[in-house]
Amino acid sequence: MDLEEIKNIRYNEIDLNTKYLISKGFVFGVNTFSLSITAQINWSNILNIPDQLFPLNVVDKDENLFVLELNNKMNFCLSALNSKNQHLQSGGVLKSQIKACLTEEEVCLIVDNRE
């Protein structure tokens, strides 16, 4: 196996871990909310919901009812976006480090220890 194949395997591993970390959801207050693809669409659309429809009932990952107040609308959406972005950014950093490697040994020294 050549160096590029080894790098591609590592890129795929990082992508899988990034997807896993995103799938764990995000925390807002004391609740953990889904970041499934459907949930991501729903959370991003909250910003389009008229203020008059708040408070808004949403359900967390454990199926607990959460009342989202109007004053937390933006913070909620930003929390979801920030969580996903942090995982994507940290994965990107690892992939950039691997891309810069010149040997298989260097690639093996880069560990994805994100949890």
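The values are calculated or read from the model by the stated rules, or taken from the named source; none is laboratory data. Remember, predicted model here, so these are calculated numbers, not experimental data. So basically every Cβ, Gly included, is an ideal-geometry build from the backbone, and we count neighbours across all protein chains shown. For the accessible areas, the whole protein counts, side chains as well, though only heavy atoms, and no ligand, DNA or RNA atoms are used. Shrake-Rupley method; radii C 1.70, N 1.55, O 1.52, S 1.80 Å.
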Next item on the list: For Asp62 paired with Asn85, estimate the spin-label separation in nm (one decimal), with each label point 7 Å from Cα along the Cα-to-Cβ line.
Entry: 2.8
Check: Based on the Cβ-Cβ distance from Leu70 to Ile41, what FRET efficiency comes out when R0 is 22 Å, to the nearest 0.05?
Finding: 0.60
Item checked: Fully extended contour minus Cα-Cα distance, from Thr32 to Leu16, at 0.36 nm per residue -> 3.7 nm
Checklist line | Computed [θ] at 222 nm, deg cm²/dmol, the chain (DSSP H ≥ 4; -39,500 (n - 2.57); rounded to nearest 500) | finding: -18000 deg cm²/dmol
Next item on the list: Per residue of the range 2-10, in order, report the coupling 6.51 cos²θ - 1.76 cosθ + 1.60 (Karplus, θ = phi - 60°) as ³J(HN,Hα) in whole Hz, putting x for Gly and Pro.
Entry: 8, 4, 5, 5, 5, 4, 5, 4, 5
Note to self: What is the percent carbon and sulfur in the accessible area of the range 12-77, measuring with a 1.4 Å probe over the protein chains and ignoring ligands?
What the structure shows: 55
Next item on the list: May I have the count of lysine pairs in the chain with C-alpha atoms under 29 Å apart, counting pairs 8 or more residues apart or located on different chains?
Entry: 20
Next item on the list: Could you tell me which GluC sites (Glu not before Pro) in the range 1-87 are loop residues by DSSP with no more than 16 other beta carbons within 10 angstrom of their beta carbon?
Entry: Glu63, Glu69
Note to self: From the phi angles alone, apply the Karplus equation (6.51, -1.76, 1.60; θ = phi - 60°) to the range 61-66 and give each ³J(HN,Hα) in whole Hz, x where the residue is Gly or Pro.
What the structure shows: 4, 8, 6, 8, 6, 10
Item checked: Backbone N within the range 1-25 under 17 Å of label point (7 Å from Cys108 Cα along the Cβ vector) -> 1-11
Check: Once the dipole of the chain is set up with Lys and Arg at +1 and Asp and Glu at -1 on Cβ about the Cα centre, which of Tyr11, Leu88, Gly29 lies farthest towards its positive end?
Finding: Gly29
